[in-house]
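The values are calculated or read from the model by the stated rules, or taken from the named source; none is laboratory data. These numbers come from a predicted model, not from an experiment. We work out accessible area using only protein heavy atoms, side chains counted, and drop any ligands, DNA or RNA first. Shrake-Rupley method; radii C 1.70, N 1.55, O 1.52, S 1.80 Å.
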Amino acid sequence: MADLQTLWKPAILITFTLVLTGLAIGLWTSKLLNVNVITTILGAAPGGISGMSLVGSEYGVGPAVATLHAVRLITVLLILPLVVKLLNLFGMIKS
């Protein structure tokens, strides 16, 4: 609970930014690639595969949303550790 006193502002800012970014990317992707807008918005939403897929199933796009989230999750899990390692190597972050 002590961390919550200092982290609530960043948590709100991060959440708000992720939601707005997800909406923008979803709308842009839909228009650019001519894909169902509900699929792209839910696929770009900050959330887990199961949660967003359940919401997507209400609109008939559950499997497509699950696929987008799976690809996103695998990509992030493969790339982000490498980025952190490189940033640490070049002294850009402190461990």
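Of the set (1) open to solvent by 90 Å² or more (accessible area, probe 1.4 Å); (2) at pLDDT below 95; (3) polar (S, T, N, Q), all apply to Asn34 but (2). Checked against (1) assigned to a loop (DSSP other than H, G, I, E, B); (2) open to solvent by 60 Å² or more (accessible area, probe 1.4 Å); (3) not hydroxyl-bearing (Ser, Thr, Tyr), Gly47 passes all but a single condition, namely (2). Checking each residue in the stretch 56-74 for being open to solvent by 60 Å² or more (accessible area, probe 1.4 Å) and not charged (D, E, K, R) picks out Ser57, Tyr59, Gly60, Pro63, Thr67, Leu68, Val71, Leu73, Ile74. Among the numbered conditions (1) part of a helix (DSSP H, G or I); (2) closer than 18 Å to Val76 by Cα, the only one that Leu7 does not meet is (2).
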